[in-house]
Amino acid sequence: MRLTDNTILITGGGTGIGRGLARALHARGNKVIIAGLDLGELNVVVAGNPGMAAVKLDIRDAGEIQRVAKGLISQYPELNVLINNAGVMYRDDVAGPIDDGKVSDTINTNLIGSIRSTAALVEHLKTRPEAAIVYTSSTLGFIPISLFAVYSATKAALHSYAMSQRFQLRGTSVKVQEINPPYVGTRLGGGNPDDPRAMTVDDFVDELLPILGSDANEVIVKLAQQYREHTGPDEYKFVVAFNEVIKRVGPTNEPIAP
Ligand SMILES: NC(=O)c1ccc[n+]([C@@H]2O[C@H](COP(=O)([O-])OP(=O)(O)OC[C@H]3O[C@@H](n4cnc5c(N)ncnc54)[C@H](OP(=O)(O)O)[C@@H]3O)[C@@H](O)[C@H]2O)c1
């Protein structure tokens, strides 16, 4: 996608990676609208970035998605980019029974919420001369962490969905891109934004922007490359090596030797 002169809706734009993207794209002269569950939190970001706008949107709520999408199209007819970034992550252990509420919440947010948000805006996006739909999936969509099995599965599904949609939208004005972050310091899943093992949001956004601004279908920063490179017939060897390291040191970006 081009990095300037857009009107961009970012879900989950009030915190973490979404907030980092929102600030960086706002600074490049785009009109940025951030959406999320907590309007108070979103408004704090808007206050620090005059000209940005915020809207309350729970992407688990199909009716709210429709209402918000209609309102945005009428208020911002030039809206041409949707960044599906909102997500939740819960630890699980699929060696035994798992919490059904968390399973539903994860799938409804990460997968169905992104699909519905896109469906509500895609016809409008096709009317714009240059448009983009971006998904923040994850390296865990390529190589899962076994203790976040359902989360990893939603990201793998999102990756698959993005490829289908990219093919279906070929020849239109709408480009479909996927951002696949490695471990980035945010509060996702109760994480510690200052974990020294994680990439900082600022470093991540700095590295990702030129890739997002290119023709790349997938935005894979350096620390994410090993996960992308190990998909294929032998990927389970890498899955085992990766999960052994996670068991030993916790979340990490360290090199994995399968
Ligand atoms: N951090 C990482 O290491 C990492 C790695 C790979 C992929 N990702 C992906 O990056 C994206 C952003 O995550 P993050 O790391 O920046 O964590 P984050 O700060 O927790 O961001 C997640 C955002 O999603 C919003 N959200 C959650 N449920 C929502 C709902 N039902 N409707 C609307 N908004 C909702 C949250 O809003 P509230 O704060 O109001 O709940 C929050 O702003 C996620 O899709 C995540 O899966 C992160």
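Where a number appears in this text, it was derived from the coordinates with a stated rule and is not lab data. This one's a predicted model, so the numbers in the text were calculated from it and none came from an experiment. Positions of Cβ are backbone-derived with ideal geometry, glycine not excepted, and every protein chain shown enters the neighbour counts.
Some points to look at:
- Around the Cα centre of region 7-224, unit charges on the Cβ atoms of Lys, Arg, Asp and Glu (plus for the first two, minus for the last two) sum to a dipole of about 560 debye.
- Cα long-axis angle, helix 201-212 against the chain (0 to 90 degrees, to the nearest 10): 70 degrees
- Each stretch of four or more DSSP H residues adds -39500 (n - 2.57); spread over every residue of the chain, this sum gives -13000 deg cm²/dmol at 222 nm.
- Amide hydrogen neighbours beyond the local backbone of Ile83, cut-off 5 Å, H modeled: Leu9, Ile10, Thr11, Val134
- Cross-link partners of Lys126 among aspartates and glutamates (Cα-Cα below 12 Å; sequence separation of 8 or more within a chain): Glu78
- Each of Tyr76, Tyr227 was scored by other Cβ atoms within 10 Å of its Cβ. Arranged with the fewest first, they read Tyr76, Tyr227.
- For region 128-258, size of Cβ-based charge dipole, Lys and Arg +1, Asp and Glu -1, in debye: 400 debye
- GNM flexibility winner over the chain from Thr109, Thr231, Thr118 (Cα, springs under 10 Å): Thr231
- Cleavage-rule hits (trypsin sites (Lys or Arg not before Pro)) in region 174-258: DSSP loop, at most 15 neighbouring Cβ within 10 angstrom: Arg187, Arg197
- 3J(HN,Hα) along region 24-33, derived from phi through the Karplus expression 6.51 cos²θ - 1.76 cosθ + 1.60 where θ = phi - 60°, amounts to 5, 6, 4, 5, 8, x, 8, 7, 10, 10 Hz, with x in place of Gly and Pro.
- Of all aspartates and glutamates in the structure, the ones whose alpha carbon falls short of 16 Å from that of Lys237, not counting any fewer than 8 places away in one chain, are Glu229.
- The H on the amide N of Lys175, modeled in the peptide plane, is under 5 Å from the matching H of Ala131, Ala132, Ile133, each at least 5 residues off or on a different chain.
- Lysines with Cα under 18 Å of Lys56, excluding same-chain neighbours fewer than 8 positions away: Lys31, Lys70
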